[in-house]
Protein chains: 4
Amino acid sequence: MSSVLSGVKIAVLGGDDRELVLITELVKMGATVGVVGFPRDKIAHGAFVINTVEEGCKDAEVVILPMPGTNSEGVIRAVYANDNLYLTEQTIRQISSEAVIIIGSARPFLKKWSEEYNFTLLEIAEMDEIAILNSIPTAEGAIQIAMEESRITIHGSNSCVIGFGRVGITLARTLKSLGSNVTVAARSPGQLARAFEMGCKHGQLHQLPELLSQIDFVYNTIPSMTLTKEVLTHANPDILIIDLATQPGGTDFEAANQLGLKAILAPGLPGKVAPVYAGKILAQVIPGLIINELSKSDRSMLFG
Amino acid sequence: MSSVLSGVKIAVLGGDDRELVLITELVKMGATVGVVGFPRDKIAHGAFVINTVEEGCKDAEVVILPMPGTNSEGVIRAVYANDNLYLTEQTIRQISSEAVIIIGSARPFLKKWSEEYNFTLLEIAEMDEIAILNSIPTAEGAIQIAMEESRITIHGSNSCVIGFGRVGITLARTLKSLGSNVTVAARSPGQLARAFEMGCKHGQLHQLPELLSQIDFVYNTIPSMTLTKEVLTHANPDILIIDLATQPGGTDFEAANQLGLKAILAPGLPGKVAPVYAGKILAQVIPGLIINELSKSDRSMLFG
Amino acid sequence: MSSVLSGVKIAVLGGDDRELVLITELVKMGATVGVVGFPRDKIAHGAFVINTVEEGCKDAEVVILPMPGTNSEGVIRAVYANDNLYLTEQTIRQISSEAVIIIGSARPFLKKWSEEYNFTLLEIAEMDEIAILNSIPTAEGAIQIAMEESRITIHGSNSCVIGFGRVGITLARTLKSLGSNVTVAARSPGQLARAFEMGCKHGQLHQLPELLSQIDFVYNTIPSMTLTKEVLTHANPDILIIDLATQPGGTDFEAANQLGLKAILAPGLPGKVAPVYAGKILAQVIPGLIINELSKSDRSMLFG
Amino acid sequence: MSSVLSGVKIAVLGGDDRELVLITELVKMGATVGVVGFPRDKIAHGAFVINTVEEGCKDAEVVILPMPGTNSEGVIRAVYANDNLYLTEQTIRQISSEAVIIIGSARPFLKKWSEEYNFTLLEIAEMDEIAILNSIPTAEGAIQIAMEESRITIHGSNSCVIGFGRVGITLARTLKSLGSNVTVAARSPGQLARAFEMGCKHGQLHQLPELLSQIDFVYNTIPSMTLTKEVLTHANPDILIIDLATQPGGTDFEAANQLGLKAILAPGLPGKVAPVYAGKILAQVIPGLIINELSKSDRSMLFG
């Protein structure tokens, strides 16, 4: 359609169905898109397959890594790749200092390299825009799990949402609208005031032990140990725990197991339950980021 | 707790997890409950196991058959029974003419027998109270299927609900509150006015061909052929059809298959997705019905 | 625009702003519209002013009377008329037996005349289509009164809706969505089941005394004595009573006064709070009724 | 009930019905409460009347000024006072340097004095807790105005909410739940993403001219010139403008007037439409603030 990315060289390294939607969009916008870690028949006509990460990075003005990024050994998440894709220091060194790397969340080693080798690193998972839009499939995926794993309805059940940030707000609104009695447990008085405005009951985090005694479904969104053994001992024995915080979650899973409580760690739901939707979010946000970054470097050249 | 059913002899013939909840409640209320088609360790302390349908019916003042009743050969639905349980004319003949048989929906043969042998037959599936309460797990179960079978979110999707009776109203409200754009297709102007009040788009049934061209999820609740081949040829090729009408549903499944449309027949959801909830509904409604019926016969005796 | 009413002679006798919207629409559809009880400068270009009810009725194929109709003396409600407009038997006698009279609600004398003089009388206030669409401005008007007359917010307040018909359902949904804790008091188990599905608390009418002790706002929609002295003695002393039932309402206003309870009778809200909207409802429904009726008489002539 | 404020000397200088609720609560908590600017019969038993601001300030550990504070001449808002109450530098100088002054919003002169004379000044209107809780009566008051000033229903109308902070979010949610089609105009992509999640349409502020052409009700919450003459020239001629930003609002009222557009400036709604509720908010938040501040000074003494 448009050609706002005309001629921009982009490498997409690994990923899942979301990247397929994104690639299609980037090609439509005129970019020259090289793809590593996907079979030929999966990717959009117009993009071309590259065999190695090294090759992909050479010459690229923009390198796109998946939302979950890499593991601590540098293995790029790539569900359609036959072999492991590694992001190594050697590869990174080849990247132009004017290049932009876009990733969901970066491990410490990648942040260090970005400073050392002076390229721009954009972590997008925590951008409000991405995180709020992703909170929608996260909430739906969490509710789907609740439906699948329980023998009661959401309607009329007692739910507790721990944490009232981007995911917590969406989840509380959705559960409430399904007819659940929702209690929000959060830290700040402002968050609790908003929960009240949305028609939820609410309490402080330190009140969790008493709050959980009557709860059927508890959803944790805080990425630090929240559902401790101490808290869990007070929970309704039939409670279902759904932990949405990034790995390793905020639940003492061992304690839950010992206490006979059902607990499920469910990070990264958008890519799993609604990859097409989640891909569209990327396709909606990333081109704007690229244009923005490239115009910066243009300007620096103009005045350099 | 209470003992309002003290001494009343009740036979529960077959069923599933819902009946287990119901049996527990009836025992609590003081009834003498005999159960056919469940293993001893499943049923509530206080109820006793009976081996045959015949034995169960003899002496019973109230006979409870499951919501789905029997098939056309008289086999009672009984998911925990080892052998088929048959409801035969011979058995029925033994039932006292003052007895009450409670069932979800009765086949024609059972209705005929109730006239012939003069017992009271209560079909409860179509009672407003039961049907509206059951519409809640039906709606949630339908949405769970939609979540599981699609790669997009309910939020932002285009849904069409066909029929605006007890299930249709609940489903439309629920989908709307999840953020879907809901179109209601129904017959009466009053139903369409109510759909408008609830914030839904709406159209006549004869407009289905045009309505379905932009729809992602269509839910049929009308128990007669509605999604005909003609209608389906106009549907969005990526549509997901979820048919909630009692078997055989209202969809031309063969045509759907030929056209490459995904179509799922999903009757009887309450007992599947939320048996505990659905059992509580029975436990909430049936005792009142029994008390009501027994007081009638008492009264007729008093004035007889 | 269209000319589906081309040449049909319609008399509009009295009314308020709603009729002004309707008249405009009828003229657009090609009807010949004579109007009694409005000044020239108020009515749509194309309609013509008639001075008397008698003159208006002569020759008219369709006579439109206002939603509130007449009082018991036959005075037609006509807020813009300088003098009283009377609907007399003498006038009615002149009406063609093939004519159709459309009115909101008819007094007994008009019903009697319709049988005697054999014209068709359509009472539309109770048609589902009209009543449900009118329930929207009724609910908003009732809530506006609650806001104006109280010093607390609707959000977080305790509301009780008595009756769960067309107005009650809309009102309960609206109050609930504003964040009020809503209790529905109604007669049938099916209505209470629906209230539960909508997230409301609920009780039987005979429980009103206990229900009202904690209620801030009570809305009555049942057109018979419901809020009796006995019930009111148990009400929260700060309660605000808003009675939406047609005059004389369902509240013992004298008792309320004696008990120091604030009670407001508020019938006919659509015409007061949202006349443009309410006029559009008439303009949307009445032309269809006319076409329908005229086609009947045509057919009867064809086959007569 | 409790006595957590036992012996604390508090002066309440002016205010409206909200302060009456607050005073009652402070007395209950054991505080010694002196009140300036209210007649004896209005204030709670246990509080005592003081005649002048000077006297009130002397010895007070906590001085409470109203939410709207003072005007630029130092006149304290005091709706029940017979004469103007002035907050002068001379009075302020008498206040203990360990005293706490609590006010909604302070004028620059008061801020300067707090630095000069070294007392603690707490501006609470912008605290999340207060502002979010106050957003509820603000939204309801704004909708009440919309209902009173229009002849259409909120349901089905097109609303635009400008700004998506604490008031904007509550207002959008409330309007949406009443069945209005809501468009949110805001600056940040995160705010627009949240508006999308809540089911609203959305646009950038620079798109206001096109956005407003189809809008029935526009609510401004941004406290700077937003509805400029340029923007207003593109608005629907029947639009109703409700400006909720603090005086002088964000609307060019002169231009609106010239263009024949109805525009209403409505700041400070909580105290007007729901004084009891708004007073409860103060009574809920202020005691905690006092306890918190006093414990700080205690601690500083302990370690001083």
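Rounded to the nearest Hz, the phi-derived 3J(HN,Hα) couplings of region C:188-200 under the Karplus curve 6.51 cos²θ - 1.76 cosθ + 1.60 (θ = phi - 60°) are 7, x, x, 5, 5, 5, 5, 4, 4, 4, 7, x, 9, where x marks glycine and proline. Amide H contacts of D:VAL184 (H built 1.01 Å from N, in plane; Pro and chain starts excluded): D:VAL161, D:LYS201, D:HIS202, D:GLY203 sit under 5 Å, all sequence-distant by 5 or more or on other chains.
Taking a Cβ cut-off of under 12 Å around C:ALA131, the surrounding Lys, Arg, Asp and Glu residues balance to a net charge of -3, with basic ones at +1 and acidic ones at -1. With 20 Å as the limit, the listed pairs C:LYS58/C:LYS272; B:LYS42/B:LYS111; B:LYS42/B:LYS272; D:LYS176/D:LYS201 have C:LYS58/C:LYS272; B:LYS42/B:LYS111 beyond it between alpha carbons.
What's the local net charge at A:GLU116, with K and R +1, D and E -1, over the other residues with C-beta under 15 Å away? That works out to +2. Here the Karplus curve 6.51 cos²θ - 1.76 cosθ + 1.60, taken at θ = phi - 60°, turns the phi angles of region A:117-123 into couplings of 9, 6, 8, 8, 10, 10, 9 Hz, with x standing for Gly and Pro.
In whole percent, what relative contact order does region C:1-42 give with Cα contacts below 8 Å and a gap of six or more residues? Present the calculation step by step, with values, prior to reporting the outcome.
Working: 55 pairs, mean separation 22.5, N = 42.
Reported relative contact order: 54 percent.
Comparing mean-square fluctuations of D:GLY34, D:GLY156, D:GLY141 from a GNM of chain D with C-alpha springs under 10 Å, the top value falls on D:GLY156. Structure remark: mean-square fluctuation, Gaussian network model of chain B, C-alpha springs under 10 Å; the largest value among B:VAL12, B:VAL21, B:VAL75 belongs to B:VAL75. Qualifying GluC sites (Glu not before Pro) in region B:77-124, where qualification requires a DSSP coil assignment and no more than 16 other C-beta atoms within 10 Å, comprise B:GLU98.
Using only the Cα atoms of the protein assembly as shown, each taken as one equal point scatterer with no solvent, compute I(q) by the Debye sum, divide by I(0), and report log10 of the ratio at q = 0.06 Å⁻¹. Here log10 of I(q) over I(0) equals -0.65. The charge dipole of region C:129-271, taken about its Cα centre with unit charges on the Cβ atoms of Lys, Arg (+1), Asp and Glu (-1) only, comes to about 320 debye.
Add +1 for every Lys or Arg and -1 for every Asp or Glu among the other residues with Cβ under 14 Å from the Cβ of D:ILE143, and state the total. Please report the intermediate quantities before stating the final value.
Working: positive: D:ARG173, D:LYS176, D:LYS272; negative: C:GLU140, C:GLU148, D:GLU140, D:GLU148, D:GLU149, D:ASP216.
Counting the neighbours of D:ILE143, the net charge comes to -3.
Remark: mean inter-chain Cβ contacts per residue of D:269-276 equal 3, using a 10 Å Cβ-Cβ cutoff to other protein chain atoms. Dividing the radius of gyration of the alpha carbons in region C:129-271 by their Kirkwood radius gives 0.92 for Rg/Rh.
Summing -39500 (n - 2.57) over the DSSP H runs of n ≥ 4 in chain B and dividing by its residue number, what mean residue ellipticity at 222 nm do you reach, to the nearest 500 deg cm²/dmol?
Working: 12 runs with 124 residues, N = 304.
Result for chain B: -12000 deg cm²/dmol, rounded to the nearest 500.
Shielding of peptide D:182-193 by partners, expressed as the average count of other chain Cβ atoms within 10 Å per residue Cβ, is 3.
Round to a whole angstrom and tell me the spacing of the C-alpha centers of region A:59-111 and region A:248-295. Taking the Cα centre of region A:248-295 as reference, the centre of region A:59-111 is 18 Å away.
Would you mind telling me the antiparallel percentage of the DSSP bridges in region B:1-114, rounded to 5? Please report the intermediate quantities before stating the final value.
Numbers: 3 of 18 bridges.
Around 15 percent of the beta bridges assigned by DSSP in region B:1-114 are antiparallel ones.
The reciprocal of the average 1/r between distinct C-alpha atoms defines the Kirkwood hydrodynamic radius, which for chain A equals 20.8 Å.
For chain B, the relative contact order comes to 15 percent (Cα pairs under 8 Å, sequence separation of at least 6). When you restrict to C-alpha pairs under 8 Å that are six or more residues apart and normalise by the size of region D:129-271, the relative contact order lands at 23 percent.
Peptide C:277-283 shows a mean partner chain C-beta count of 2 within 10 Å per residue C-beta. Taking the DSSP beta bridges with both ends in chain D, the antiparallel portion is around 5 percent.
Beta bridges per DSSP, both residues in the protein assembly as shown: antiparallel share near 5 percent. Taking amide hydrogens as placed 1.01 Å from N in the peptide plane, the amide H of A:ILE264 sits under 5 Å from those of A:ILE241, A:ILE242, A:ASP243, each at least 5 positions away in sequence or on another chain.
By the gyration tensor of its Cα atoms, with a ≥ b ≥ c the square roots of the eigenvalues, what is the shape of region B:1-103: rounded for a/c under 1.5, prolate for a/b over b/c, or oblate?
oblate
Which shape class, rounded, prolate or oblate, goes with region B:50-191 when its Cα gyration tensor gives a ≥ b ≥ c as root eigenvalues, a/c under 1.5 marks rounded, and past that a/b bigger than b/c marks prolate? Here region B:50-191 falls in the prolate category.
Model label sites at B:ALA125 and A:GLN90, defined 7 Å from Cα along the beta-carbon direction, differ in position by 6.8 nm.
Model label points for A:ALA44 and B:LYS229, set 7 angstrom from Cα along the Cα-to-Cβ axis, are 3.9 nm apart. The Cα center of region A:130-174 and the Cα center of region B:144-164 differ in position by 17 Å. Spin-label model, C:ASN292 to D:GLU149: label points 7 Å out along the Cα-to-beta-carbon direction sit 4.0 nm apart.
No value in this document is a laboratory result; all are computed from the given coordinates. The structure presented is a predicted model; accordingly, all values stated were derived computationally and were not measured. Using ideal geometry, Cβ is built from the backbone for each residue, glycine included, and neighbour counts are taken over all protein chains shown.
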